[in-house]
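Below: the structure, in structure tokens.
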Amino acid sequence: MWRFIAGRLLQAIPVILAVITVTFFLVRVAPGGPFDSEKAVIPEVKAALEAQYRLDLPLGQQYFAYLQDLARGELGPSFKYPGRSVNELIAAGLPATAELGAYALLVAVVLGGLAGVVASLKPNSAQDYIPMSVAMIGICMPTFLLGPLLVLLFGIHLEWLPVAGWGDIPGDKILPSLTLGAAYAAYIARLSRAGMLEVMSQDYIRTARAKGLPEWQVVTRHALRGGLIPVVAFLGPAFAGLLAGSFVVETIFQIPGLGRFYVQAAFNRDYTMILGTTVFLSTLIVLFNLLSDILAAWLNPRLRAQYGEA
Amino acid sequence: MTSANLTDVVQAEQGTSLWKDAWRRLRKNRLALFGLAVLSVFIVVALLTPWIAPYAYDAQNLDLGASPPSAAHWLGTDIFGRDLLTQILYGGRISLAVGFVATAVALVIGVTWGAVAGYVGGRVDAVMMRLVDILYALPFMIFIVLLMVVFGRNLLLLFLAIGAVEWLTMARIMRGQVQSLRQQEFVEAAVSLGLSPATIVRRHLVPNALGPIIVYTTLTIPSVMLLEAFLSFLGLGVQPPATSWGLLISYGAETMEEYPWLLIFPGAALTLTLFALNFLGDGLRDALDVRGSGD
Amino acid sequence: MHRIVRVVSLALVAAFLGGCSAGESNVAQGNREGILHFGNGSEPQGLDPHVVTGVPESKIIDALFEGLTRKNPWTLEPEPGAAASWEFSEDRRVITFHMQPEGRWSNGDPVTAHDFVWSWRRALDPAMGNLYAYMLYPVENAEAYATGKIDDPALVGVRALDDMTLEVTLNAPTPYFLQLMDHYSSYAVHRETIERFGKATDRFTRWTRVGNIVTNGPFQLQNWQLNRRIVVERNPHYWDNDAVRLNGIVFYPTENIVSEERMFRVHQLHYTNDVPLNKIPAYRKMADTPFVEAPYLGTYFYLLNTERPPLDDVRVRKALSLAVDREALTRNVLYGSNNPAYAITPPGTLGYQPPQLFAFDPEEARRLLAEAGYPGGDGWPGLELIYNTSESHRKIAVALQQMWKDALNITVTLSNQEWKVYLDSVSQMNFQVARRGWIGDYVDPNNFLDLYITDGGNNNTGFSDPVYDELILQRAPRAATQEARFALFHEAETRLMEQMPILPIYTYASKHLVHPSVKGLPPNLMDFVNVKYIHLEDVPLTEFELE
């Protein structure tokens, strides 16, 4: 197992390097630069700005200079926010996004997993249709719609919860977490139901049943492990995807998170910020995909054996 | 009744193929048939839209503006005084096309990629899945903007762009399924029988992994329809006065307090499609489940 | 399993609620404590007056810093700021500013004429890369220094005669020069502080951070949380501290105007940066409405690329313009909050009235189009209109697309572009028709009309008329009186609109929700906020009921 993890971590280096390289050149060839604005920029001013950001160097030289900085852990100065380094911006946005993501994922796994498992136990009955219909509505309801709807209901009409903010007013974390979690909960409900149904028809479940185990023990001891494999495969990228996905929620609820920086960096052509957030995101993706693979292996003993050999 | 039985017998004698067998089971599933019927109706309506739409899709009436449902406009009008029913009909053409085609692209790439990676394993698997990781991490927005600059705006590009992102998760799920199936007795039996890997993947692994894949596909179609709206904001996707369900919903969301019908009806169209897809998807899953009890 | 679920859900609920108590609203608390909660549109790029460029930045910087003058929010006339008084020379080319005797930085240092000399040289230093350096170009040799044509900053026409006297020499009499004195590019910054944290022209230093920054305005920086809020508090060293009535201001980066409106509705904000279009009718109907709107010094228009067919024919450009029913557009699509525009300069700029050469006339538009060779739209080669992605740009484009189809029977395709792509297309003139807006930096027709001089950086239409150039660049600056100057502007603008390189659509309006407790924050043509005049009255909070 440890060799497997170490191997995967080693593989992460070329992955992240590839992401950096592609992104670095991708953003440079995209139309529009960081200093373009609605009012024409005087050429001398533009030249001075480019010099301050090393953009006057040949592209290859810029690339290697960036890699050198990166090796020292420096992501460079932001274009959009002069006087701030990308490290600082990420550090400023990360806590809120990480917290939001964790709550959302908790909501998603608990609600979605529960709904999916419950539904799978009695397929094609009310116990199946009701949670699954709710889940389907959750999928149809994009966050840009669900968020405002929840705000109108709980924030404006009932006045139970704050309409915006993060950690400012008691209870202001509830609506954003629910909003972001809902979409994932719906996916997880559907995937876990399907996974469970798949497993429930396998021979080893029949064996377990034949041994006379009570149904709930069959589910918790045997079926859940296999049934949740598709969910786990989905969770890895989903968690990393939360970062990009939380942008909408962060905007609706005025949350000072990383998602806003990530998306705005692309809109602003904030080269260093795009690269910085992408490096950060790719590290997360590699880690969470690894984590989800480890979890899948743990859930599936045969795979565990295979990784043990590898 | 008798004829159906007869066909069954005939098929059985021919050696019932997986798909025919599945169709036989699917026909018994009323919800799945309902889903199939709804989707068929939607597709037929989408094809016939130019002939059956009550108004021209770009006919405006600025002085009328947004009006609630009435006899003249069954589903009301938008802020330009355009008939909402007409907008939904035309929007459905785009959304259904994008939803099905882009998802199909994602499905083909994702399932193949995931199955190969999962079955072959080892180095090949590592390289293939790390490539997936790389694609996950690239800034999607910049990627789309660049695609447009290079290729210009067109619908084909839209399908490819969406397919290009959606296949990644599909591949991961497929790979997970194949990995867990690969060590099962029936696959090992097939290997020991000397069947070729391609045959094993096609005959044994793909059908057995189909459950989650079908479900994920039915989830992908509506999310693709919504993704199309996002891409339209980047300039890819449909341009006014053409429209899509995703766009109608996002416009409707902005005015949901003032003109709720502009959100409710397009939203209902999308929701209905999703329900139909899911019923059909579940039915298909059950029908294809070769070992399942069929319940 | 069940136990896990129970524990997890309990933990979840506990984490969410975290000591739930019905708190007092921001507005109620603010009214009591004299703190204004201000929706400010977006996170500022920074707080260095010589680095930033945006409107949200200006609102915060105006509270923290002070230029030589500060505008009166009702009349927009300059009032004493860092300068207590000033006088013009006979030829109006030299201005002598006398500094406030009690002028102090927030650390207690006196604000001197030397501070302004040093700061203006910094603002103009080519190494600084200040995008707004051109605001100081009326000053003698400022442009030459900023563009690297001369190296000696001492040649720039700003000198300290002594600590308390600042002499500014202009290239030519500039009627609007005093207005520029409360634009942040002309503000003084604290030299010692800046030099403690790096080079004068370094954009990346930490001098603007809480605890580091030293300012000379009515407020000083207390707290700055990225993307969350910026808090400023009373500056006790400010020379006119007694006149300042607020104890502090909290600026919120309210990017999403829909959320901003909801925050206002539940009394989380005193003031919003904007109002969603759809909400305007409902707010208008409200008794004692918090909705405040006023003409804003800006024009919304389309650029017509005169170098590409079919727009190289002036008759086609005119036909397009005459076929647009601006009244219907502003009434129905913009909910009457903007006025139709028929020229580039907004009406009533210092009393200047732009020419109106045409009106909505589909008959004449068809005639012109037929004359250009497309009778009834026959043979129309098609036309593409680009705009940057935004709900209101889309609405306007969709409405105009149909007006052109109805009046002229021609197809115009729409193409929205992501912001930077759009900017690139406009500056490369890679378009046929492009959406554009221009907001005045100062109140003077010159600020709009000099856009269309030949090869002007913001021209972007290919329009070139030597007579127009001469009127704007040579004759108007030398006009003896303001009337004569305006007459020359009128002549130039008439020439411009006869050639129609732009298709004017409407003049901007500023739109805000202002809580009834806020006083001394009047709407004005510049959408200018003078924090010195604002105070809060403790009025009972009422619900805003949208029908």
Quiz item: Would region C:152-163 turn up any residue that is hydrophobic (A, V, I, L, M, F, W, C), within 26 Å of residue C:450 (Cβ to Cβ) and part of a loop (DSSP other than H, G, I, E, B)?
Solution: yes
Practice problem: Show the residue pairs that are 6+ apart or on different chains and have beta-carbon atoms under 8 Å apart, the first residue being within region A:208-237 and under 11 Å from residue A:292 (Cβ atoms), the second being of a type in the set (Asp, Glu). | Solution: A:236/A:293
Quiz item: Can residue C:343 be described as more than 30 Å from residue B:231 (Cβ to Cβ), away from chain B (no Cβ under 14 Å), touching a Pro at 6+ places or on another chain (Cβ under 6 Å) and surrounded by 21 or more Cβ atoms within 10 Å (Cβ to Cβ)?
Solution: yes
Quiz item: Quick one: how many residues across region B:223-248 are more than 26 Å from residue C:412 (Cβ to Cβ) and facing chain A (nearest Cβ under 9 Å)?
Solution: 2
Practice problem: Give the residues of region C:86-137 that are more than 26 Å from residue C:46 (Cα to Cα) and assigned to a loop (DSSP other than H, G, I, E, B), sorted by residue number. | Solution: C:89, C:90, C:91, C:92, C:93, C:100, C:101, C:102
Quiz item: For residues in region B:130-176 being among the basic types (Lys, Arg) and at pLDDT 80 or above, which is surrounded by the fewest Cβ atoms within 10 Å (Cβ to Cβ)?
Solution: B:130
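Residues checked against (1) buried (at least 21 other Cβ atoms within 10 Å of the Cβ); (2) more than 24 Å from residue B:159 (Cβ to Cβ); (3) away from chain C (no Cβ under 14 Å):
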{"position": "B:20", "(1), (2), (3)": "no, yes, yes"}
{"position": "B:41", "(1), (2), (3)": "no, no, yes"}
{"position": "B:68", "(1), (2), (3)": "no, yes, yes"}
{"position": "B:96", "(1), (2), (3)": "yes, no, yes"}
{"position": "B:102", "(1), (2), (3)": "yes, no, yes"}
{"position": "B:121", "(1), (2), (3)": "no, yes, yes"}
Exercise. Kindly indicate whether any position in region A:239-262 is outside any helix (DSSP H, G or I), touching a Phe, Trp or Tyr at 6+ places or on another chain (Cβ under 8 Å), over 28 Å from residue B:216 (Cα atoms) and of a type in the set (S, T, N, Q).
Key: yes
Quiz item: Among the numbered criteria (1) at pLDDT below 80; (2) assigned to a helix (DSSP H, G or I); (3) out of contact with any Asp or Glu (no Cβ under 7 Å at 6 or more places or on another chain); (4) not hydrophobic (A, V, I, L, M, F, W, C), which single criterion is violated by residue B:211?
Solution: (3)
Quiz prompt | Hits in region C:35-72 (condition: under 22 Å from residue C:275 (Cβ atoms) and over 15 Å from the mean Cα position of the chain (by Cα)) | solution = C:36, C:37, C:38, C:39, C:43
Quiz item: Taking helices (runs of 4 or more DSSP H) that fall entirely within region B:111-191, which contain at least 1 residues that are in contact with a helix residue (DSSP H, G or I) (Cβ under 8 Å, 6 or more places away or on another chain) and under 27 Å from residue B:203 (Cα atoms)?
Solution: B:122-137, B:155-182
Quiz item: Which residues, counting only those in region A:201-238, are within 14 Å of chain C (Cβ to nearest Cβ) and part of a loop (DSSP other than H, G, I, E, B)?
Solution: A:214, A:228
Quiz item: Can you pull out the residues in region A:16-55 that are assigned to a helix (DSSP H, G or I) and touching a Ser or Thr at 6+ places or on another chain (Cβ under 7 Å)?
Solution: A:16, A:19, A:23, A:44
Practice problem: Working carefully through the options A:141, A:136, find the one that is within 29 Å of residue B:248 (Cα to Cα), in contact with a Phe, Trp or Tyr (Cβ under 7 Å, 6 or more places away or on another chain), free of Cβ contacts under 8 Å to residues at least 60 places away in the same chain and of a type outside the set (S, T, N, Q). | Solution: A:136
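Okay, residues lined up against (1) within 11 Å of chain B (Cβ to nearest Cβ); (2) at positive phi; (3) more than 21 Å from the chain's Cα centre (by Cα); (4) in a helix (DSSP H, G or I):
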site	(1), (2), (3), (4)
A:108	no, no, no, yes
A:115	no, no, yes, yes
A:127	no, no, yes, yes
A:131	no, no, yes, yes
A:134	no, no, yes, yes
A:147	yes, no, no, yes
A:156	yes, no, yes, yes
Self-check item: Residue list for region A:163-195, filter: modelled with pLDDT of 85 or more, of a type in the set (A, V, I, L, M, F, W, C) and closer than 14 Å to residue B:216 by Cα
Solution: A:185, A:188, A:189
Exercise. For region C:362-379, name all the residues that are surrounded by fewer than 16 Cβ atoms within 10 Å (Cβ to Cβ) and in contact with a Leu (Cβ under 6 Å, 6 or more places away or on another chain).
Key: C:364
Exercise. Out of the residues in region B:71-84 that are without any contact (Cβ under 8 Å) to a residue 60 or more places away in the chain and of a type outside the set (D, E, K, R), state the one that is surrounded by the fewest Cβ atoms within 10 Å (Cβ to Cβ).
Key: B:71
Exercise. Return the only residue of C:319, C:294, C:328 being more than 14 Å from chain B (Cβ to nearest Cβ), surrounded by fewer than 20 Cβ atoms within 10 Å (Cβ to Cβ) and not charged (D, E, K, R).
Key: C:294
Quiz item: Just checking, how many residues over region C:424-466 are within 20 Å of residue C:133 (Cβ to Cβ), facing chain A (nearest Cβ under 8 Å) and either touching a residue at least 24 places away in the same chain (Cβ under 8 Å) or not in a loop (DSSP other than H, G, I, E, B) (or both)?
Solution: 1
Exercise. Report the residue count in region C:225-247 for those that are surrounded by fewer than 19 Cβ atoms within 10 Å (Cβ to Cβ) and outside any loop (DSSP other than H, G, I, E, B).
Key: 7
Quiz item: Restricting to region B:250-266, what's the tally of residues that are facing another protein chain (nearest Cβ under 7 Å) and in contact (Cβ under 8 Å) with a residue 12 or more places away in the chain?
Solution: 3
Quiz item: Checking residue B:273 against (1) surrounded by fewer than 23 Cβ atoms within 10 Å (Cβ to Cβ); (2) under 26 Å from residue A:129 (Cβ atoms), which test does it fail?
Solution: (1)
Practice problem: Could you check how many residues of region A:239-284 are surrounded by 24 or more Cβ atoms within 10 Å (Cβ to Cβ), facing chain B (nearest Cβ under 10 Å) and closer than 25 Å to residue C:44 by Cβ? | Solution: 7
Quiz item: How many of the residues making up region C:386-423 are in contact with a His (Cβ under 7 Å, 6 or more places away or on another chain) and facing another protein chain (nearest Cβ under 8 Å)?
Solution: 0
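The values are calculated or read from the model by the stated rules, or taken from the named source; none is laboratory data. Note that the coordinates shown come from a computational prediction; the quantities given were computed from them, not determined experimentally. Quick reminder, even Gly has a Cβ in these numbers, built from the backbone with ideal geometry, and neighbours come from all protein chains shown.
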